[in-house]
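The values are calculated or read from the model by the stated rules, or taken from the named source; none is laboratory data. What you are looking at is a predicted structure, and each value in this text was computed from that prediction instead of being measured. The area values use the complete protein model at the heavy-atom level, side chains included, leaving out ligands, DNA and RNA. Shrake-Rupley method; radii C 1.70, N 1.55, O 1.52, S 1.80 Å.
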Amino acid sequence: MHLVSVSRGIRSAHWSLSCLAFAQMLGLYLAPFSPLDVEYTVRFDEDGKGPARYNIFTIQEIHGRNQYQQIGSWAEKLTLNTSHSIWENETVPESRCSEPCQVHQKREIVLGNPCCWVCIECEENEVVINETTCKACDPGYRPNTDHNNCSKLPVDYIRWGDGLAIGSLCFSGLGILSTIFVGGVLLWNNNTPIVKASGREFCYILLSGVLLLYIMTFIFIARPSVVICGLRRLGLATSFAICYSALLTKTNRITRIFNSAQKGIAPPRYISLASQLSICLALITCQILGLMIWLIVDPGDIESVSSDKPLVILKCKSGDMRILLSLVYNVLLILLCTVYAFKTRKYPENFNEAKCIGFTMYTTCIIWLASLPVFYVTSDDPEVQVTALCTSISLCGLVILGGLFVPKLYIIFCHPEKNVKCNSLKGGSHKEMSLGATGEVLLSH
């Protein structure tokens, strides 16, 4: 070629002019230029290097032998004759180290080879921030279908219109009406012997506690909030404390009165109405003060809990344990009531108050023993758990109404002739049972 000849002449003559200056002087073949005998253009880059040119070969079996077969070339552009190539499934392969990652996958670069990577699945609750990073969604959110953004999940909680809630509310509503009815009947017959013998004041304290038990169903079914969670702990424990403090005071009084009468000793102290009411209110106050201090130290909060469904469950934070801890004091009251009820089981037949209390406490123990396992087993389904708890609470109120007040209503409505003072025969001696206005039981020969 002419360019080669000129270059050799320059080197042989030892001219001091550069190739470029000499070419400019001659005005011949300054790059880029197109030689006459080829189709491409000769050009150089800024470093004085010419463009790369490659021939592309594949190994093919020809006449039983593996031979190289040229299928194309590269000279500033790709020229490929696919009719001479043999690709699997007639698909031209792609030249890449790693395949692109799918949705919800991130890249992890292979050590020592920054051009290759491994695709790793992000966690179920994570979204892809960039090609190499996944980020977990905040509580109450979940990844969208493209896994590039977090979407807020719908909040679920037991509602007033749910089937289970309606059943619990109806049960509780009937209990409220029954409690009001019983209280009205006792007030109407306030000065009759059957009411005075039972201790009128304690009957009304018991009925107020039962009424609170039934009201608690409405608080438990209400939408969880900081106030509602606090009321659950305070209201449930207080209502039980009112009921069982009154029963404990009554059973303790009955036990001491009959024991002193049987032994022929002087009546025990602190059996007057004022003393008994003070003891009962002191027991209730201990529960309320303990709960108030606990609420101040640990007011509680609400939380959104993930579930298997595409939603979050709104509930009181650590509500299960807090509710159970708030009932420890009531468990102690129930056990003491049951012990006293067992001790008074053989008292005079015509004084059946002790037997009614015994039946009430035995049944209450059975309900509590059955409710605690159910409460824990249903912890994964808050709707069922709340309904089961409300049912247990209402059953406790129903047992108190049925065991302690239905016998009184039966005498008032069906056998008013029995609503009088009576005599008792025990131990071979006749003793008169005097039923005073304060509810004290005084035995005399």
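Mind scanning 196/250; 346/418; 343/418; 106/315; 250/408 and naming the pairs with a C-alpha gap bigger than 23 Å?
343/418; 106/315
So, in Å, what gap is there between the alpha-carbon centers of the range 139-173 and the range 226-300?
Cα centroid of the range 139-173 versus Cα centroid of the range 226-300: 39 Å apart.
Enumerate the calculated ³J(HN,Hα) couplings along the range 157-171 in order (Karplus 6.51 cos²θ - 1.76 cosθ + 1.60, θ = phi - 60°), each rounded to whole Hz, writing x wherever the residue is Gly or Pro.
Along the range 157-171, the couplings run 7, 5, 10, 4, x, 5, x, 5, 5, 4, x, 5, 5, 5, 4 Hz.
Round to the nearest 10 and report in Å² the accessible area of residue 132, as given by a 1.4 Å probe over the protein chains' heavy atoms.
Residue 132 has an accessible surface of roughly 80 Å² with all protein chains in place.
Figure the gain on full extension for residue 305 and residue 379 (residue separation times 0.36 nm, minus the Cα-Cα span) and round it to one decimal in nm.
25.5 nm
At 1.4 Å probe size, with no ligands or nucleic acids counted, give the accessible surface of residue 45 in Å², nearest ten.
Solvent-accessible area, nearest 10 Å²: 80 Å².
At 1.4 Å probe size, put 278, 168 in order of accessible surface, largest to smallest.
Listed by decreasing accessible area, they come as 278, 168.
Determine the order of 242, 265 by accessible area, beginning with the largest, at a probe radius of 1.4 Å.
265, 242
Please state the shape class of the range 184-260: rounded when a/c is under 1.5, otherwise prolate if a/b exceeds b/c and oblate if not, all from the C-alpha gyration tensor.
Here the range 184-260 falls in the oblate category.
Ordering 286, 203 by accessible area with a probe of 1.4 Å, largest first, what comes out?
286, 203
Tell me, what ³J(HN,Hα) does each residue in the range 110-117 have, in order and in whole Hz, if you take phi through Karplus 6.51 cos²θ - 1.76 cosθ + 1.60 with θ = phi - 60° and put x for Gly and Pro?
For the range 110-117, the Karplus curve yields 6, 4, x, 9, x, 8, 10, 8 Hz.
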